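One structure is given below, encoded as structure tokens.
The values are calculated or read from the model by the stated rules, or taken from the named source; none is laboratory data. Quick caveat, the model's predicted, so the values are computed rather than measured. All Cβ positions, glycine included, derive from the backbone under ideal geometry; neighbour counts span all protein chains shown.
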Ligand SMILES: *Cc1c(COP(=O)(O)O)cnc(C)c1O
């Protein structure tokens, strides 16, 4: 991929390299679906749900059409709607707050920790006060495992319990990660994930899933993603969505799941090398104690972000900004309430974060090329 270091062509995320490894098996899996023809709710869908639940240790896995629907279905299952407050970090992908609006509830923005990029429970407490003063009923917190690192669910549980909040882990970026010996999928009352192609476990289109240990909630979620299906074939017990994972995507994911453990290891190794090489020149990502990240993104915090991005680009190293604008500054979301103590860390991070190329097939020579470009840029040589 990187020969003499001058003709570098580095991908930010390289799905083609993965296909080169597993292409034949994936082709075979797709062909089997084309031959049996059960494109909706085919046998691969149930098989995948079993494998995913087994992999993370959750009692139930309910697959659905995408990670945004997964969040929306959980909020529907909890009966959350108009007049209800759902606490979401201001520094996340827009879908986290979008799902709250889809059910008619009000997102209340909460700040994050600078070090981990994840939800700050002090800010959550102040958010609960803000919501109550604003006449909203605090109902739920959606913590996001940003960039692959699980949030601090012990701290979140303590605050949520005092206000009786449901806890949702938005694990779109963290499926496969571990906190204190437990896999993502078992850390919160509900866990949602996404199989969007660029996520750590991605399919070849849209896909998502929900994990829970609660039998009743699982039954309700299964109904909600199938138009509110009741007992009989044509009985509809409630209003639901049409939100299913395609059989073709399930077949692809079953093959990719076999690669996933070694891919996670490769991501750890790349992240470790970045950190060792860059920790003296930039603020590198910090992991909380006892946490293993799946490194959906490897994100630096620097003061001269635009200069670094430009220098990397000149050197042939792609970078990305997740996220340049916190949600409370987005035109579609700026009128929703925020925690009483403000969102200073989200704003600070939005101006300084920059993500480096990260995928399991990033060879050490390519990692070194990225490292060299960042070091040169930050020492003024780029
Ligand atoms: C990708 C993502 C989602 C949405 O997933 P889709 O499958 O694209 O709908 C939600 N939350 C976070 C944090 C994400 O990164």
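Restricting region 85-97 to residues that are within 9 Å of the ligand (Cβ to nearest atom) and in a loop (DSSP other than H, G, I, E, B), the residue that is nearest to residue 156 (Cα to Cα) is 92. Only a single criterion out of (1) buried (at least 18 other Cβ atoms within 10 Å of the Cβ); (2) over 23 Å from the mean Cα position of the chain (by Cα); (3) farther than 20 Å from residue 116 by Cα is not satisfied by residue 310, namely (1). Counting the residues of region 56-84 that are within 24 Å of residue 40 (Cβ to Cβ) and either part of a helix (DSSP H, G or I) or free of Cβ contacts under 8 Å to residues at least 12 places away in the same chain (or both) gives 10.
If a residue counts only when it is more than 16 Å from the ligand (Cβ to nearest atom), which strands (runs of 3 or more DSSP E) contained entirely in region 154-215 have at least 1 such residues? Break it down stepwise before answering.
Values: elements: 166-170, 190-194, 208-212.
Counting at least 1 such residues, we get 166-170, 208-212.
Only one entry of 124, 73, 48 meets the criterion of being buried (at least 24 other Cβ atoms within 10 Å of the Cβ) and within 15 Å of residue 212 (Cβ to Cβ), and that entry is 73. For residue 145, the stated conditions hold: it is out of contact with any strand residue (DSSP E or B) (no Cβ under 6 Å at 6 or more places or on another chain), in contact (Cβ under 8 Å) with a residue 24 or more places away in the chain and within 16 Å of the ligand (Cβ to nearest atom). Of the residues making up region 104-117, those that are assigned to a loop (DSSP other than H, G, I, E, B), away from the ligand (no atom under 15 Å from the Cβ) and either closer than 14 Å to residue 329 by Cα or in contact with a helix residue (DSSP H, G or I) (Cβ under 8 Å, 6 or more places away or on another chain) (or both) are 105, 111, 113, 114.
Please tell me if residue 123 is away from the ligand (no atom under 15 Å from the Cβ) and without any contact (Cβ under 8 Å) to a residue 24 or more places away in the chain. Break it down stepwise before answering.
Values: away from the ligand (no atom under 15 Å from the Cβ): yes; without any contact (Cβ under 8 Å) to a residue 24 or more places away in the chain: no.
Answer is no for this residue.
State whether one or more residues within region 123-145 are modelled with pLDDT of 95 or more, in a loop (DSSP other than H, G, I, E, B) and closer than 18 Å to residue 217 by Cα. Scanning region 123-145 turns up no residue that is modelled with pLDDT of 95 or more, in a loop (DSSP other than H, G, I, E, B) and closer than 18 Å to residue 217 by Cα. Do you know which of the residues in region 366-382 that are in a helix (DSSP H, G or I) and farther than 14 Å from residue 276 by Cα is farthest from the chain's Cα centre (by Cα)? Looking at residues that are in a helix (DSSP H, G or I) and farther than 14 Å from residue 276 by Cα, I get 376. For region 279-289, the criterion of a residue being over 27 Å from residue 182 (Cβ atoms) and touching a helix residue (DSSP H, G or I) at 6+ places or on another chain (Cβ under 7 Å) is satisfied by at least one position.
Can you name every residue in region 216-241 that is touching a residue at least 60 places away in the same chain (Cβ under 8 Å) and outside any helix (DSSP H, G or I)? Steps first, answer last, please.
Filtering region 216-241 for residues touching a residue at least 60 places away in the same chain (Cβ under 8 Å) gives 217-218, 220-222, 224-225, 240-241.
Answer for region 216-241, where residues must be touching a residue at least 60 places away in the same chain (Cβ under 8 Å) and outside any helix (DSSP H, G or I): 225, 240, 241.
A single entry from 259, 245, 253 fulfils the requirement of being under 22 Å from the mean Cα position of the chain (by Cα), on the phi < 0 side of the Ramachandran plot, surrounded by fewer than 18 Cβ atoms within 10 Å (Cβ to Cβ) and touching a residue at least 60 places away in the same chain (Cβ under 8 Å): 259. Can you give me the number of residues within region 53-77 that are more than 16 Å from the chain's Cα centre (by Cα) and more than 12 Å from the ligand (Cβ to nearest atom)? Selection size over region 53-77: 12. Which of the residues that make up region 39-52 are in a helix (DSSP H, G or I) and more than 16 Å from the ligand (Cβ to nearest atom)? Result: 43, 44, 45, 46, 47, 49, 50, 51. Hey, any hits in region 85-94 for a residue that's under 30 Å from residue 342 (Cα atoms) and surrounded by fewer than 24 Cβ atoms within 10 Å (Cβ to Cβ)? Yes, the conditions are met somewhere in region 85-94.
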